[in-house]
Structure formats: C-alpha cells, structure tokens
Amino acid sequence: MNSEIQYLTENIENNKSNYKKIICYKFRGVIYLKKGLYIESIYDFTQSINLLNKVNKWKRNVKLNTSQELGESLFYRGYAFAKVNNLEKASKDFDKALKETLYCIDYEFFQKLDGKAKDILETQLKLLKLFSFK
C-alpha cells in the first residue's frame, strides 16, 4: 500500500475528529483518482460528503469552511462518476458542487475530463455564466 494512503487510512481509523476524517477521506480519494482507482475514490468522497452533512447539522457550534470542502468532494466524486461512465450521477454532483461553492473545480481534473462529462460540466458552468474553458 502507498505510504500516503496508509497514513491517511490510519488517521481515518484512529481519529475521533470528524473534520480530520473529512480531510483524510478527501485527500485519500484524490490519490485514488490520480491512480485511476475510481470506485475507491467514489467511496472516499461519499464518506467525506456524509460526514460533512453530519457536521453541517451542528454548524452553529463548529467553525468550519464546510461549503468549500463539500463542493470539492462533490466535484471530485462527480469526476470519478464520469470516469466510470455514470454521467447522471456525475451531472448531479457537478451541479451540487457548483451550488456549494464556485471554487470547487480542480483545473487539473477538469482538463482530464472528456466527452459527454466535460460537455455536461461546461453546460452547467455556462448556465451559471461563470467560465468558459475554450
């Protein structure tokens, strides 16, 4: 197992802090994305999203930038869904990500999108009249 993945896995298993788990799941998911392990990354981003939703219920007691974290996790999960040709789920995640924060798009991963998935994201961005990546 990759040492970074092992380190993040140990932190997820041994940490009581939901926020630290959220970050570890997100970073481990990004490592999986870079390795082309899309199913594993979908799992990690889903865990991150679920924990973020749980934390958001207590938001008034916790000072976290949950919108940014949620937007990024949704974007990355949408990317992974696109890579496994689940364009419906990819589209939903991209849409939710853009509603959470305008800064969710990782340009490195955007450039790697192709075909219908890239068209879907570009259409959503144009609807928001935010960007043009031509």
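Things worth noting here:
- Expected 222 nm ellipticity per residue - DSSP helices of 4 or more, -39500 (n - 2.57), all of the chain, to 500: -24000 deg cm²/dmol
- Size of electric dipole in the chain: Cβ of Lys, Arg +1 and of Asp, Glu -1, about Cα centre, debye, nearest 20: 460 debye
- Span-like helix ranges in the chain, DSSP H, alpha carbon extent 27 angstrom or more, Kyte mean at least -0.5: 38-57
- Shape box of the chain [Cα atoms, principal axes, largest first, Å]: 43, 38, 21
- Non-local lysine pairs in the range 1-61, meaning eight or more places apart or on different chains, with alpha-carbon distances under 19 Å, amount to 13.
A short reminder: the numbers here are calculations on the coordinates, not readings from a lab. Values in this document were obtained by computation on a predicted structure and should not be read as measured data. Ideal geometry is used to build each Cβ from the backbone, glycine not excepted, and the neighbour counts take in all protein chains shown.
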